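K.L.:
Below is the structure I would like to discuss, written out as structure tokens.
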Amino acid sequence: MADESVAPSDRDAVAKLKSAYEAIRTEIGRIIVGQDRVVDELLISIFARGHCILEGVPGLAKTLLISTLARTLSLSFSRIQFTPDLMPSDITGTEVIQENKTTGGRELKFISGPIFANVVLADEINRTPPKTQAALLEAMQERQVTAGGKRHKLDEPFFVLATQNPIEQEGTYPLPEAQQDRFMFKILVGYPTREEEARIVTLTTQEQKDEVKTLIGGEEILALQKIVRRVPVAPAVVDHALDLVRKTRVRERGEKLPDFVRKYVSWGAGPRACQQLVLGGKARAVLQGRFHVSCEDIRAVAKPVMRHRVITNFTAEAEGVTVDDVVEKLLQDTPALEGSLSKDPRVAPAFKS
């Protein structure tokens, strides 16, 4: 459990990642003003090998943030503007008949679509019909595309970062819960502060350079993703993640639930929420230069993991209670576990919260 048990090579890689993480934040900060929490959550999901939904009103630099992040990570970037007339083949690619100049015959050739990139920005994903939205499912889960009965592997690393506008609902197709569950995080992009907005206005109304340094490549990201998976987690930390998730399941018999959950929640989070809490906690720990997961790591990613997996009811909507409000109350109702084991200096960091 202690960092002393970590292989020297892994320890060096974690130290390198921490330095790269700080440098990435600095480079993005040259282009993007504020949004530190959003950047942190994006990086956590990338090193945990997850996908994200970013939700925010227009003009908050969601697209610019994602493209800038792709450049700092030396990854290929593709933007898909989702529209009502977009077809699945417009995303995945299609087979066309071409003449073979050697034999003179005709043969089918697969022309890959924009999904074949390391970072795919699915812009306004709720603007396109369910048939086209579903075309992302196989790519996101299986990291491959099937066309004409043939499977085409996607290049690794591979991330889908989708955006959606929360204020315009006319002519939109909300993502079904099953498809939202495929995303590791749902990240809310908020308005800047007054000081940040003043900087944005100043920077964007004068001549500026938007060059950023490339800090880490695809092969290094893949290696670091494997290290994240090897990070040990204390049983008590796993129990803490289970407590947070299982307390949302109002339809599960035998669970002792808080009164506010029974009042405001219609459906609770599934097992994938537990998995993503632990994976997110591992990635957060590694980005901070640690090779152990604390309860604080789990709690830090609770909102982006659970806000699209917990469904509130009419009472919550009528009283203006959001899923984030429910998760915040849940965190207050579920303190980090303490006990004799937490006093052991070898594992004590895992119990800090």
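Since every read-out is calculated from the coordinates, none of them should be taken as a lab result. All of these numbers come straight from a predicted model, not from anything done at the bench. Note that we place each Cβ from the backbone using ideal geometry, even for glycine, and neighbour counts take in every protein chain shown.
K.L.:
Rounded if a/c is under 1.5, else prolate if a/b beats b/c, else oblate: with a ≥ b ≥ c from the C-alpha gyration tensor eigenvalues square-rooted, which is the stretch 136-226?
P.N.:
Working: a/c = 2.46, a/b = 1.37, b/c = 1.79.
Oblate shape, in that a/c is at least 1.5 and b/c is the bigger or equal ratio.
K.L.:
For the charge dipole of the stretch 1-229, defined by +1 on Lys and Arg C-beta atoms and -1 on Asp and Glu C-beta atoms about the Cα centroid, which residue among VAL96, LEU43, LEU136 has the Cα displaced farthest towards the positive pole?
P.N.:
It is VAL96.
K.L.:
Quote the FRET efficiency, to the nearest 0.05, computed for GLN206 versus LEU64 with a Förster distance R0 of 25 Å and r equal to the Cβ-Cβ distance. It would help to have the intermediate numbers written out before the result.
P.N.:
Details: r = 17 Å, r/R0 = 0.66.
Once the sixth-power term is evaluated, E becomes 0.90.
K.L.:
Using a 10 Å cut-off around each Cβ, can you sort LEU279, LEU86, LEU137 from fewest to most neighbouring Cβ atoms? Before the final figure, lay out each step's value.
P.N.:
Numbers: LEU279 24, LEU86 18, LEU137 12.
Starting with the residue having the fewest Cβ neighbours, the order is LEU137, LEU86, LEU279.
K.L.:
I've got another one for you. Nearest 20 debye, what's the magnitude of the dipole of the chain about its Cα centre given +1 on Lys and Arg Cβ and -1 on Asp and Glu Cβ? Write out the running numbers ahead of the final one.
P.N.:
Numbers: 48 positive and 48 negative charges, 183 e Å.
Using Cβ point charges on Lys, Arg, Asp and Glu, the chain gives about 880 debye.
K.L.:
Where a Cα-Cα gap under 22 Å defines reach, which lysines qualify for LYS131, not counting those fewer than 8 residues away within the same chain?
P.N.:
Within the straight-line limit of under 22 Å, LYS131 reaches these lysines: LYS150, LYS153, LYS186.
K.L.:
What do you get for the angle between helix 218-230 and the principal long axis of the chain? Use alpha-carbon atoms, 0 to 90 degrees, nearest ten.
P.N.:
It works out to around 30 degrees.
K.L.:
Same structure again: Restricting the count to DSSP beta bridges whose residues both fall in the stretch 1-229, what percent are antiparallel, rounded to a multiple of 5? List each step's numbers first, then the result.
P.N.:
Working: 11 of 28 bridges.
Expressed as a percentage, antiparallel bridges in the stretch 1-229 total about 40.
K.L.:
Assuming a ≥ b ≥ c are the square roots of the Cα gyration tensor eigenvalues, decide whether the stretch 1-229 counts as rounded (a/c under 1.5), prolate (otherwise, with a/b larger than b/c) or oblate.
P.N.:
Numbers: a/c = 1.75, a/b = 1.25, b/c = 1.39.
Verdict is oblate for the stretch 1-229.
K.L.:
Between THR214, THR163, THR248, which gets the highest mean-square fluctuation from a Gaussian network model of the chain, Cα cutoff 10 Å?
P.N.:
Ranking THR214, THR163, THR248 by mean-square fluctuation puts THR214 first.
K.L.:
Still on this structure, I have one more. Which residues does a label at SER76 reach in the stretch 94-130, if reach means a backbone N under 12 Å from a point 7 Å past the Cα toward the Cβ?
P.N.:
Residues 112-120 qualify, since their backbone N sits under 12 Å from the label point.
K.L.:
Still on this model: In percent, how large is the relative contact order of the stretch 1-160, given Cα pairs closer than 8 Å and 6 or more residues apart?
P.N.:
On the way: 177 pairs, mean separation 33.6, N = 160.
21 percent.
K.L.:
Under a plain spin-label model, where a point goes 7 Å from the Cα along Cα-to-Cβ, how far apart in nm are ASP12 and ILE167?
P.N.:
Calculated label separation equals 5.2 nm.
K.L.:
Something else about it: If the reach is capped at under 20 angstrom between alpha carbons, list the lysines near LYS263, excluding any in the same chain fewer than eight residues apart.
P.N.:
Result set, ordered by chain and number: LYS247, LYS303, LYS329.
K.L.:
Further question on the same structure: Separation between the LYS213 and LYS226 pseudo-spin-labels, each 7 Å from Cα along Cα→Cβ, expressed in nm?
P.N.:
2.7 nm
K.L.:
How high is the FRET efficiency from SER19 to GLN332, r the C-beta distance, R0 45 Å, rounded to 0.05?
P.N.:
Working: r = 35 Å, r/R0 = 0.78.
My answer for the efficiency is 0.80.
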